[in-house]
Every structure is written in structure tokens, then in C-alpha cells.
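Below is one structure, written out as C-alpha cells, with a few remarks after it.
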Amino acid sequence: MRFEHPATFNPIDQLKVVGHPTSRIDGPKKTTGTAPYAYERHDVVANQAYGYVIGSAIGKGRIKAIDLAAASDAPGVLAIVTAENAGKLDKGERNAAPLLGGPEIAHYHQAVAVVVAETFEQARAAAQLVRIDYAKGEGKFDLAAAADGAITPKPSFGGPADTAVGEFGSAFAAAPVQLDARYTTPDQGHAMMEPHASIAAWDGDKLTVWTSNQMIAWGAGDLAKTLRIPKDKVRMVSPYIGGGFGGKLFLRADVLLAALGARAAKRPVKIALQRPLMFNNTTHRPATIQRIRIGAERDGKITAIGHESWSGNVKDGEAETAVSQTRLLYAGANRMTAMRLAALDLPEGNAMRAPGEASGMMALEIAIDELAEKLGMDPVALRIVNDTQVDPEHPERRFSQRQLVRCLSDGAARFGWSRRNAEPGKLRDGRFLVGMGVAAAFRNNLLTKSAARVRLDQQGTVTVETDMTDIGTGSYTIIAQTAAEMMGVPLEKVAVHLGDSDFPVSCGSGGQWGGNNSTAGVYAACIKLREAIAQKLGFNSAEAEFTDGLVRAGNRSVPLAQAAGRDGIVAEDAIEYGDLAKTYQQSTFGAHFVEVGVDADTAEIRVRRMLAVCAAGRILNPKAARSQVIGAMTMGVGAALMEDLVVDKRHGLFINHDLAGYEVPVHADIPHQEMIFLDETDPMSSPMKAKGVAELGICGVAAAVANAVYNATGIRVRDYPITLDKLL
Ligand code: MOS
């Protein structure tokens, strides 16, 4: 189905099921430990052996020799796969560094071998006996040093490297109030609870993998490509995922090595990437250096805005698109943005929750706070003065919806912003200096084709099948709500099956596009199913009403179970958007307010209150959406105060590669979080009139914390994370 915009009234607008704060239908399984995660699928295939991954001990260089003799003779060992004996491999379209390294080493902990044995312990013990002789090369591991030689990357998913409108240089020079500041954000890791994990089993030339992956079609496609086998020989299954945050968007080493190990051992093989490998073997959010220049009139109107960002990556890796939001968030006639990419030999950088905006907003929203202070203006008011209802780089494109101003003003009222003292360091509560900070939230809303299949059976049950995934976000639930609403049945009469490459290809879970697009795909399939049912019954499909488990037209009414008949009725369709995204700029907006206390003696920072106000189209399930946003707010606190993959610049690795050294917030770090959704529908986004929200929640949080710390202490920290040593 081609989405015809604007969306008019449709069955979803009844809101009998959609829009309700339904508890997650997968919740009981998750909370009782009975949701089957990939590594635990003992049931799916017999005779599983265990793989143990060996990561490169050097950051750059080559393997001179590998001696497998002792390891091969160790008890229980079935096979050892290295680049030497794996056969010819290709590289996935979405992988920069090869997933199996050797003889060339692209980065530290790049997989160089997998040992397969009868038990995990045997595989691990044998792995210690593999002797690898490395020739260590010179690597580049320091972004600041490599930034000078950075290149202009080619246009990517995140747009072109450079944009310019008007005359930035002269307008900035002429501006009566100027800000020119440099910010840095560190490398960050996804650090999800469930590591990358897979079971692989060959049946002749057919491969099945049970894994943990956000994007089934990407993963299955890249697995086939890497193994140089036809796509239809690969089945990928990923119904439950214990967190992804972008780390599981792509094919990773666990899947490939399980497949290679299984081929070599002639047995199904399971691999869970060992926790110590998680941070250097997989992808991470790349560090950035950002320079922001803003020129404004004395009334706060921005006349010039410039944002440059430097990040690094391995060969074939992309730049972190940290300037994305600056192209769209504030008005101003003269503008420039630029992204530069430095060659680094650290592990591969890639998407982590709200790639681009999460890092970019960390810098931009401090810059706005700094500008407000120079102007002697309230930072909420400054943001409101510079609102725009059109894409400032392409004024002919309007935002489909943009309620940033309401998010800011409603939030300010709710948070008690008027009680903030504009002069920093003035408010005290016992030992603590108290401050408030604000930041805008911004993240784009992406429209992606998404398909689903729906079936009505003679029990009157509606079964949905789509390769969409649920990474803890609530996909199962909002998809069930959508099908229930469309078919006029209670939630209990809907069964949802996800995460299987045998199902129609969905949008998958990434870039906060999953909620709106996957449900819109289910909507499209349900429209087709309604038509098929009406046709079978001889009803005029335009008149047919689906409600209370019945289909009605005129004075006739038939129970759905009866309409289905013995064979049931199946329909499949996809939602497609054409070039709608070119006509309207689709983004989501919000405002984050944070109060912190900073211990006047020790500089310990405690977040005391948080509020987020979000405008993100129709909220399909306020409970699931709230959980997404408060999780994102928590992650934003981590970004502000804790998260930091520390680069060992001598050896080229993230040295704190475990959950003890890589700090993230725990419950005791997080205060009461309040969050409000504006009552909004966006008729340009899809028939669901919904948008993404899960990544919006993180964008701006860290800057709001930084601004609150400044307000409390008068110390402006521009290098994240804001650890207490930076305040002493
Ligand atoms: Mo998201 S970083 O696109 O999973």
C-alpha cells in the first residue's frame, strides 16, 4: 500500500486498543525468565557444540603464524576455524572491518579464531593453547592527533558531509554577540545485557541461525554475502533480544563464526561473545570533536550558525553525523555544517542509540546555553526565539509537525523553571550546590518500507507475521494492538510472531523508525485482510465494519471465526511512502529539564529531578513509550556523567572493556523521572499518525545535565563525561 498523505480518518483512530497503556504482552515471559534468548535455544536443534572466540591481541599489524597443534589435541575440541582454513569469505555490505581477521589485523579483539568443543569449558581451555605470533604495526589511535589529516567523507545515510546556506563567515564576523567553542564526546559502548549470541546449524547447504539481531533482512543478507552463498539458503531467527541500542543492527562475529564453526565441526555450534570481547570486538559510538560557532543579534535572533565535527573510523567506516540536528533545529539565515573523518585503527565505530543527534546535541545544546548567558537571556526563551517551522536549509520544506516551543514552555512551567537563578553557584541545599539545566530534544523520524502477513483462522484469531524485532521496545505489543484495532478483536485474539527471515521483510528495529513503520505495515496487511474477508462474504468492502469479533455490512453480521472458514484467510502487504520524506521534513521534538546537586566539597554530582516533554506524533502505547523515554533519559545521564570507553593510545584498545570499568547509571543514580507526551497526531507520518520516540528521549539529556552542573557551580565542562575531577 502506498501511503496517501495526509492520513484521513481510519480504523486506528477509533483508539479502542491503540493508544492504551497496555502492559507488554511479552512481559510475563521476560520477567519469569522464560523468554527464549538465542543462546538458550537448547530445544531447536540437537547436539550443539560450543564456540569460544579468540580476539586479536594487537590493535594493528598482522599475524605471522598461528600454531593450532596443542589446542587441536586438547580434550573435546572438534574444530578450530581461522582465516587460513575458513575458505574464501566476502564482507557484509554493512561491515567495515572483516568479522574474521587475519593475516591483516584491523583492530584490537577483531576475531582471529573460533575454537569449537563439546563444552564451553573445553573450548575456553583449548583457546588458551592457541599460539599466535603477531607482527605489531603502527596504528593511529588518537582522534585529536588524527583529526588534522581527516578527509571529507562521501555522502552517507546521514546526508552530505558539508552544507552551506548564505554567507556564514561574514555573518558570524559581523554578529554583535558571538560564541565559538569546542566540545568533545568520548567513545561509548552499547553495553547491553545480552551479549551478541548465536546458534548456527547447517542442513546440507541450508543454514539456520538463531541469534540476537535488530535487522533480520540486513543480517541474513550480509551473512549470505559473507559466506558467498545464496540469500535463500540462510534463515535467521531472532524473536527475543536482550537489548541492542544499535550494536545489533548488523551481522557480527558471533553469527559468522558459529556458521563457520558448525560447518567445520559438522555440528550445530553456539557462541555467546565473551563479555571481555564485547567492547572491542563489536561496534561502538565514535568519539567526536566538535566546534560550534553561533552569531546572534542582541535580541537573541541567530544570524549565523556553524557546526563542524571530527570523528574517526577504520577503513570503510563512516563518520559520526554529529551535525545532523544543526541543519534543522534553529533558524538563522547564514549556516554551515561540516563532518570530517579521520583514519583510526580503533575498533569499528557505528550506530548507537540516536547516532548523530545524540552526540551532536551534547555539544549544540551546551552551546545554546552559553550563548544565552552571553546574551543575558533565558535559555528557554532563546530557543523559542529561534524556532522555525521550515527546514532552515531548504525553506520550501515544512516540518510535518513541530511543537518544540510547546515542549519548552509546558516543560518550563511544569518543572518550576522560573525558580532557577540565572546566576550560577547561588543556590545551596546543605552540602549541595543546586542548579537547573534545559536542552531541546531533537531526532529525525524516518519513513521505511515495512511488510507484514496477517491470517484469520476459524477460531477467530488474527496471527501477524513479520520479520520485525522487539529489542525490549514493545514491538510485540503495539503490533498486537494495531491488528486488534484493525480487525475489531480483543488483544487476546491476536498472536504476533516476529524476528524470522521466513516472514515478510519489515523496517526492523533501528533509528527509532520501528514503532511507526512496522505498525503501518501491519495496518496495510490488515486493510488487505479486511478486503479479502468482505469479498469472501460478498460484502461491499467500503461498508464493512469490523467490531466485537464480527464483520458487519448493512443488516448482515458474521462472526470472524465463521468468515475465516476451515482454510482461514491470509493477506500480506507493505506500507510504502514514495518520496514523501522529500516533501516534508519529519522530526520529533522535546525538551529536557534537569536539576542537579553538586557536593561543594567533593564535587560529587547527583541528578535530583528530571523532566522530559516529548512531541512525537500519536503515542501508540503510552506505557511502552514512557519506558523507552525514561530508559533513554537514564542513558543520557550515563553519557553526561559516566560513559567513557577509555582509549589506550599505545596499544589501540578500549581498556575498560567490561561492565565494571565501563560505568553506566544504576538505580541509585537516577531520581524520579517525569515525562509527558504532548497530545499530537502527525497525518504525514503514516496511517498510524505516529512517529519514533525511543531515541528522541536521549537527545539533549546530557547537555541538560551539563547545563545544570554549570548553573550549580559556574564551571563549564565541554568535555564529556563530566566526572568530578573536572569540577575540582
Ligand atoms: Mo539504533 S542506534 O539505529 O538501533
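The values are calculated or read from the model by the stated rules, or taken from the named source; none is laboratory data. Just so it is clear, the model here is predicted, and its values are computed rather than measured. Don't worry about glycine lacking a Cβ; one is built from the backbone with ideal geometry, like all the others, and counts go over all protein chains shown.
Brief remarks follow.
- Hey, VAL77 farther than 29 Å from ASP548 by Cα, buried (at least 22 other Cβ atoms within 10 Å of the Cβ) and touching a Gly at 6+ places or on another chain (Cβ under 6 Å) or not: no
- In the condition set (1) within 16 Å of the ligand (Cβ to nearest atom); (2) of a type in the set (A, V, I, L, M); (3) surrounded by fewer than 19 Cβ atoms within 10 Å (Cβ to Cβ), ALA354 is compliant with all but (3).
- Total residues in region 237-278, condition touching a helix residue (DSSP H, G or I) at 6+ places or on another chain (Cβ under 7 Å), away from the ligand (no atom under 16 Å from the Cβ), closer than 14 Å to ALA111 by Cβ and in a loop (DSSP other than H, G, I, E, B): 1
This table checks each residue for (1) in contact (Cβ under 8 Å) with a residue 12 or more places away in the chain; (2) closer than 30 Å to LEU207 by Cα; (3) touching an Asp or Glu at 6+ places or on another chain (Cβ under 7 Å).
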| position | (1), (2), (3) |
| --- | --- |
| SER501 | yes, yes, yes |
| VAL505 | yes, yes, yes |
| GLU545 | yes, no, no |
| ALA553 | yes, no, yes |
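- Subset of region 449-483 that is polar (S, T, N, Q) and within 15 Å of the chain's Cα centre (by Cα) - its residue that is nearest to GLY356 (Cα to Cα): THR473
Let's see how each residue does on (1) surrounded by fewer than 23 Cβ atoms within 10 Å (Cβ to Cβ); (2) under 19 Å from GLU393 (Cβ atoms):
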| position | (1), (2) |
| --- | --- |
| ALA272 | no, no |
| ARG275 | yes, no |
| HIS284 | no, no |
| ARG298 | yes, no |
| ALA304 | no, yes |
| HIS307 | no, yes |
| TRP310 | no, no |
| ASN313 | no, no |
| SER324 | no, yes |
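- Just one of the listed residues (GLY515, GLY508) is crowded, with 24+ Cβ neighbours inside 10 Å and not in a loop (DSSP other than H, G, I, E, B), namely GLY515.
- Boolean, LEU346 is under 22 Å from the mean Cα position of the chain (by Cα) and either more than 16 Å from the ligand (Cβ to nearest atom) or not charged (D, E, K, R) (or both): yes
- Meets criteria (closer than 27 Å to TRP513 by Cβ and in contact (Cβ under 8 Å) with a residue 12 or more places away in the chain) for GLY356: yes
- Restricting region 549-593 to residues that are in contact with a strand residue (DSSP E or B) (Cβ under 9 Å, 6 or more places away or on another chain) and among the charged types (D, E, K, R), the residue that is modelled with the lowest pLDDT: LYS582
- Restricting region 80-107 to residues that are touching a helix residue (DSSP H, G or I) at 6+ places or on another chain (Cβ under 9 Å) and hydrophobic (A, V, I, L, M, F, W, C), the residue that is surrounded by the fewest Cβ atoms within 10 Å (Cβ to Cβ): LEU89
- For region 361-381, the criterion of being within 16 Å of the ligand (Cβ to nearest atom), surrounded by 18 or more Cβ atoms within 10 Å (Cβ to Cβ) and of a type outside the set (Val, Ile, Thr) is met by at least one residue.
- Within region 140-179, the set of residues being assigned to a loop (DSSP other than H, G, I, E, B), in contact with a strand residue (DSSP E or B) (Cβ under 8 Å, 6 or more places away or on another chain) and over 26 Å from GLY59 (Cβ atoms) comprises GLY158, ALA161, GLY166, GLU167, ALA175, PRO176.
- Residue satisfying all of: in region 279-321; part of a strand (DSSP E or B) and of a type in the set (D, E, K, R); farthest from PRO347 (Cα to Cα) among these: ARG293
- Flag for VAL709 being under 30 Å from GLN403 (Cβ atoms), of a type outside the set (Gly, Ala, Ser) and within 16 Å of the ligand (Cβ to nearest atom): no
- Here THR22 meets the list (1) touching a Leu at 6+ places or on another chain (Cβ under 8 Å); (2) of a type in the set (Val, Ile, Thr); (3) under 17 Å from ALA264 (Cβ atoms) almost entirely, failing just condition (3).
- Residue under evaluation ARG182, criteria (1) crowded, with 16+ Cβ neighbours inside 10 Å; (2) in a strand (DSSP E or B), criterion not met: (1)
- Qualifying residue in region 648-668 (condition: out of contact with any Phe, Trp or Tyr (no Cβ under 9 Å at 6 or more places or on another chain) and in a helix (DSSP H, G or I)): yes
- Given (1) out of contact with any His (no Cβ under 8 Å at 6 or more places or on another chain); (2) surrounded by fewer than 22 Cβ atoms within 10 Å (Cβ to Cβ), number of the condition GLN48 does not satisfy: (1)
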